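I have placed the structure first, in the form of structure tokens, so that the comments after it can refer back to it.
Values in this text are rule-based calculations from the coordinates and carry no lab data. Remember, it's a predicted structure, so these values are computed and weren't measured experimentally. Heads up, the Cβs are rebuilt from the backbone with ideal geometry, glycines too, and the neighbour counts pull from every protein chain shown.
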Amino acid sequence: MAQDAGGAVPSADASTAPAARTLDKVEVTGSRIKRAEVEGPSPVVVITAEDIKKQGYSTVAEALQTLTQFNGDVVGGEFNASSTQPDASFLNLRGLGVGYQLILLNGKRMTEYAASSGAASTGVSVGSIPAVVVERIEVLNGGASAIYGSDAVAGVVNIVTRDNWDGTHLRIRGGTTSHGGGDTGQLQFSGGKTWERGNVTYAFEQLNREPVFSWQRGNIIRTGMNAPGNAGTDRPTFGLDSALMDGGYNDYYWLDSSGQLVYAGDLDPAAAAAALEHTCRNMGNNYFPMYGSSSSTLPYSCGNANYYDGDTLANKYNKTSAYVSGHYRFSDALEGYGQLLVQRSRSEAAHRTSMYLYNAGSAYDVNIGQFEYWRALDPNDIGGAPMRLWNETTLSANVGVRGTLAERFDWDASLSLSRDEMKSSWKQLITDRVNRYLFGERVGEVDGAPLYRIDPTVLFGIITPQQYTAMTDTLHNRNLSQTSQAQLVVSGPLLTLPAGEVEMAAVLEASHSKYELGPDRRSVSTYQGADRTFNFTGVAGGGPRDRYGAGVEFRVPLLQRLVANVAGRWDKYDDISDVGDATTWQASLEWRPLDSLLLRASRQTSFMAPNIMWLYGEPVTNYDDYVTNYYQCRLDGLDLTTTAGLTRCGTDYHQGAWYVEGGNNRRLHEETATSNGLGIVWDISQGLSLSADYWDIKLKGKSQYLDTATLMNENANCLLGKRVDGTAVDPASAACAIYLDYVKRDAAGNVTEYFLDAINQAGIRTSGVDASLRYAWDGGRWGSFNVNAGYSRTLRYDVQVAAGDPWQDYMGCSYSSTYSCGSQPLAFRSRTNWTLGWNREDWSGSVYGYRNGARVNYQATGYLPSYVQWNASLSKKITDNVRLGVDVTNLFDQYGPKDSTMTWYPFYQNIYGIQGRAVYVNLDIDF
């Protein structure tokens, strides 16, 4: 059926039993045909509820993040932190992206996460699935669109909930981290009752977790004067700068000791530096003269390194979940069933968009003319970092009937609903209040821009909590994502051949999805009222998508030990995209030359429909006051391969520009993929099994969303015909046609306007290998032992931006758009995990570990070393019904390797996780 997860630990009873290789016919992820063999044509990894406990984790997301196949660039340790997607826990198998694996709950599609950080961000989150309801998680590695339809490109994850069991169980869990924050309390209550004609199963979970702030992880997330560039020097270089400049960005205005503005260009350097220092002291205790580099003789601006002090590295959340499942057998040939899962969650996180002030667009002063002003606020001055609150309600319901037809075929008809509603509120800066406080009332206009009589003591004065609050108002957002589906599946033996029965399965599906983003009306870009939001633009939009599908698959015994599997499917999409319909197919072979040996091979096609938010998100028009003009930096000879060159570029060559993001993207079409697999499974002995699989995927039409930094760097590369490291770039390439078209410049090279949107790249090709080992043995009086291990390695990851362009090797890319590709799809080239489990009488223990292989550093100049984390669990049965245990995650309190090329906050690659050691105590009681 499916191989145990590398690192999965069987239960105490199972660990002592002989390894069984056959079972009653059941449906396994990757096929709708029920079969009795444990292993099939495609590798499937299984994580059980017991595995999650043995690994020491509290949630489904934490357990999935250590999958060896999960090597995409959203791996983030135990916690997720975001001021826009607070509870999102996304998967990224094979590094293809968040949406490229199909997420199922009991075989039914889950709806997309309802919160969007912009027009570019949607996906299915597993954060809404409480651990208490999980029986097992099946992870199919490989394409499966011929079985399931869209999204099954890198794999399929099917979360199977508890069902059909007797008893009552209570679990109480509590713990904290060694460095503070992250205090966790978890209460799980579950039970069930069976009788002759049916059963009911129920569960409840309450999970509360406190936040982790950046100041609580000063050992890795360094801010303030302890940050690199500030510690141990009288010439600090790290901080967000605050300044007032003339409209042409020629020089600065500072405040002299009499409270009057002075222009640095009219002063000698020493006098200008003195005025700058006085200005910084006047702004607050944590503002300081900041230098462009450690070798600079004079400061250039006022810096504040405490801006990030209130960052929530891990959000606070409280989750309440309830679940009920039931079956009722009307007759021997007809059964009804249903499941209902509801979760309410409340999350809090810092919201930094309300901590930065500037003039949005052109502005003039009666004395100094056109000016540009910006200021980073200190959370310590304004009463703490602003917090954003989310209230999320998720619902998953599934009802159906199933039975037998002509005593030959099984049939299953069902209706399902998956719904996610997200409401949020927070204090946000309001444009007219900010302008009135900073610049005063308008006294006129210049070419349509406001004219002020500014008070420099306000621009460079302390902002109190009361003054800050007066500039804000409460915003309210509501988002909704919903998918409903009807499905009919028929399966059974079709005919008999000399080698055995031909099995078949057929499916008919119809679904309706809708996505709605309802931001506060004052935050949308089209709102022109004086009370519109400042430094925050909400994404509005939404729309429907209807999907229809029909598929069939066959399992054909060609010889006694050779089986072929073939499948085909047709899907029709009804939305505003250019998708229309798609046809996919799948073929595989299973050869068992020996009872203990399986050789398997497969080839399949798959497809991915365009992200629904990219289709329906309304265009966002906004002003970016800090666009770094890399083109002009390089024209003027700055070496952007050096920290000094990059710092000066960001300091002296930034400008403001209007941009348009997203907007009913009808140009997107479906992405198509072809994947292959070749593998072996060998049961060497009764307790020892090995597997190894090679895989490759070629994806065409990959959708990619452009970000500002990547766009500006690639635009500069195309204009200059080379990258910063000297690598040649063809300005006439199809990729450059895109990058040049999306940025508009004036004759002097200044950016006047730019566009951000999703594009269909030409494609991606990637390949790799997976391997697993399982070994169980009886240690006699020492107890029973088992070892499980998994390994995945990516051998190749190439990207082609546009048709006709050369393929680029992205294995060595970092996510720095300045130093490298601007995209790092692979978090790690390899991942390994392992578990040693032990059971002896009333005692049970396990040691779980995982290893992340080498990772490209930020500047793509080398590789960071591998990272290993260990977890440990130990428990004892106190009475027949009570078990007491302790879990320690990150046993040796290890953090990811230091990246010396990362010269800006957070100075640490969060992908390694920020929790550190955590200790939990568990009490399990059976009634």
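Which lysines does Lys700 reach when only Cα atoms under 21 Å apart count, and residues fewer than 8 places away in its own chain are ignored?
Lys572
Please report the spacing between the Cα centers of the stretch 476-490 and the stretch 781-838 in Å, no decimals.
Answer, in whole Å: 32.
Excluding same-chain residues fewer than 8 positions from Lys744, which lysines have a Cα within less than 27 Å of its Cα?
Lys702, Lys722
Over 21 Å between Cα atoms, which of Lys316/Lys514; Lys193/Lys319; Lys54/Lys108; Lys53/Lys877; Lys514/Lys698 qualify?
Correct reply: Lys316/Lys514; Lys193/Lys319; Lys54/Lys108; Lys514/Lys698.
Residues with amide H under 5 Å of Ala803's amide H, sequence separation 5 or more or different chain, H placed in the peptide plane at 1.01 Å from N; which?
Ala762
How charged is the neighbourhood of Asp73? Take every other residue with its Cβ under 15 Å from the Cβ of Asp73, and add Lys/Arg as +1 and Asp/Glu as -1.
Neighbour charge sum, excluding Asp73 itself: +3.
Each residue of the stretch 668-679 in turn: what ³J(HN,Hα) in whole Hz from Karplus with 6.51, -1.76, 1.60 and θ = phi - 60°, glycine and Pro shown as x?
Each residue's phi maps through the Karplus curve to give 5, 10, 5, 9, 10, 9, 10, 10, 10, x, 8, x Hz.
Go ahead and estimate [θ] at 222 nm for the chain from helices alone: -39,500 (n - 2.57) per DSSP H run with n ≥ 4, summed, over the residue count, rounded to 500.
-2500 deg cm²/dmol
Bin by bin, in steps of 10 Å, what percent of the Cα pairs in the stretch 621-675 do you find, going until the bin that has the longest distance?
Using 10 Å bins, I get a P(r) of 20, 30, 21, 21, 9 for the stretch 621-675.
So which aspartates and glutamates pass the test for Lys427, namely a Cα distance under 14 Å, with those fewer than 8 places away in the same chain ruled out?
Within reach: Glu348, Asp473, Asp520, Asp531.
So if I take the centroid of the Cα atoms in the stretch 548-625 and the same for the stretch 431-449, what is the distance between those two points in Å?
Centre-to-centre distance over Cα atoms comes out at 56 Å.
Mind jotting down the three principal axis lengths of the chain based on Cα atoms? Whole angstrom, largest first.
Rounded to whole Å, the extents work out to 96, 62, 47 Å.
Name the long-range amide H neighbours of Tyr452: under 5 Å, sequence gap of 5 or more, or other chain; modelled H, no Pro or chain starts.
For Tyr452, the qualifying residues are Tyr364, Asp365, Val366, Val443.
Modelling each spin label as a point 7 Å along the Cα-to-Cβ direction, I'd like the Tyr694/Asn164 distance in nm, to one decimal.
Taking the simple label geometry, Tyr694 and Asn164 are separated by 4.0 nm.
So what are the ³J(HN,Hα) numbers for the stretch 143-152, from phi and the Karplus equation (6.51, -1.76, 1.60; θ = phi - 60°), rounded to whole Hz, Gly and Pro as x?
Computed from phi, the couplings for the stretch 143-152 are x, 8, 5, 5, 9, 10, x, 4, 5, 7 Hz.
Each label point is 7 Å from the Cα along the Cα-to-Cβ direction; what then is the distance between the points at Ala748 and Ser596, in nm?
Spacing of the two 7 Å Cα→Cβ label points: 7.9 nm.
With θ taken as phi - 60° and the coefficients 6.51, -1.76 and 1.60, list the Karplus ³J(HN,Hα) couplings across the stretch 296-309 in order, rounded to whole Hz; mark glycine and proline as x.
5, 8, 9, x, 10, 7, 8, x, 9, 9, 9, 4, 8, 4
Just add up the charged neighbours of Ala88: K/R +1, D/E -1, any other residue whose Cβ is under 13 Å from the Cβ of Ala88.
Net of charged neighbours comes to -4.
Using the alpha carbons of the stretch 462-553, what is the convex hull volume per residue in cubic angstrom, as a whole number?
168 Å³
Wrap a convex hull around the Cα atoms of the stretch 412-531, take a quarter of its surface area, and give that in square nanometres.
15.2 nm²
Express the relative contact order of the chain as a whole percentage, based on alpha carbon pairs under 8 Å and six or more residues apart in sequence.
This gives 13 percent for the chain.
What share of Cα pairs, in percent, lie more than 19 angstrom apart in the stretch 263-420?
That fraction is 74 percent.
If I stretch the segment between Ala644 and Glu445 completely, what's the gain in nm (0.36 nm per residue apart, minus their alpha carbon distance), one decimal?
67.7 nm
With just the Cα atoms defining each centre, how far is the stretch 221-276 from the stretch 733-772? Give it in Å.
Centre-to-centre (Cα) distance: 36 Å.
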